[in-house]
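Input: a single structure, listed below in structure tokens.
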Amino acid sequence: PPKCVCCFLHLCYYDCMKIFLFILFISNLSYSYENNQLLLQNPAKKIKFFDLETLDGLEIKVADKFIKKKLILINFWATWCPPCIKEIPDLIQLGKKFENEIEVIFVSVDANPAKVIPNFLKKNNLEDFQTYIDKKLNLTKELGVKVMPTTLVINEGLYELSRVEGYINWLNEEILKE
């Protein structure tokens, strides 16, 4: 325990600052605003081939996903992110609507995916939902993802054509035209 009131107040100040910074950090990871826009890459940005990891620890090559699809949407999400949770059903529907053209890939950035994702899927009736994990955030960092949710639009040549940071309504006809 501190020996004087000044030391006690000093410790409380630093504890409060730590809590404040933590809350600020968490609140900036997940956001949504009305007029999210597609951030187009001019020119398209080449990305490296990468593998995806399943909850069971299996590695899947993303290149294999392009065998029958022209575009891949890679959605980075987390169970603690309300805008992410809101857009998952839209992205699932979008994938079904354009099943011959696009593949939607979900990548969770949860720290403890083996524990939280199965509970999340059960709670939200998403038993058939396929997600991959990035618990060490290696892929997230490599692709420059800083906000949840973020969706990358990648073509078969592995070029990032655009990205969306934050929530958008993926079924909105105006967005689909872009």
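For this structure, a couple of remarks:
- Candidates are the residues of the stretch 55-87 that are among the aromatic types (Phe, Trp, Tyr) and at pLDDT 90 or above; the one that is surrounded by the most Cβ atoms within 10 Å (Cβ to Cβ) is Phe76.
- Out of Gly166, Gly95, one residue alone is more than 21 Å from Lys48 (Cβ to Cβ), in contact with a Pro (Cβ under 8 Å, 6 or more places away or on another chain) and at pLDDT below 95. It is Gly166.
- Members of the stretch 91-131 found to be in contact with a Ser or Thr (Cβ under 6 Å, 6 or more places away or on another chain) and either open to solvent by 80 Å² or more (accessible area, probe 1.4 Å) or in a strand (DSSP E or B) (or both), listed by number: Phe106, Ser108, Thr131
- Residue in the stretch 147-165 that is buried (at least 16 other Cβ atoms within 10 Å of the Cβ) and assigned to a helix (DSSP H, G or I) present: no
- Against the test of being assigned to a loop (DSSP other than H, G, I, E, B), farther than 15 Å from Ile92 by Cα and open to solvent by 20 Å² or more (accessible area, probe 1.4 Å), the options Lys141, Lys136 yield a single qualifying residue, Lys136.
- Every test in (1) among the hydrophobic types (A, V, I, L, M, F, W, C); (2) at pLDDT below 90; (3) surrounded by 12 or more Cβ atoms within 10 Å (Cβ to Cβ) is passed by Leu52 save one, and that test is (2).
- Selection from the stretch 70-93 of residues that are touching a residue at least 60 places away in the same chain (Cβ under 8 Å), of a type in the set (A, V, I, L, M) and over 13 Å from Val153 (Cα atoms): Ala78
The values are calculated or read from the model by the stated rules, or taken from the named source; none is laboratory data. Quantities reported herein were computed from a predicted structural model and do not represent experimental measurements. As a convention, Cβ positions derive from the backbone with ideal geometry for all residues, glycine included, and neighbour counts pool all protein chains shown. Just so you know, the surface numbers come from the protein's heavy atoms only, side chains and all, with ligands and any DNA or RNA stripped out. Shrake-Rupley method; radii C 1.70, N 1.55, O 1.52, S 1.80 Å.
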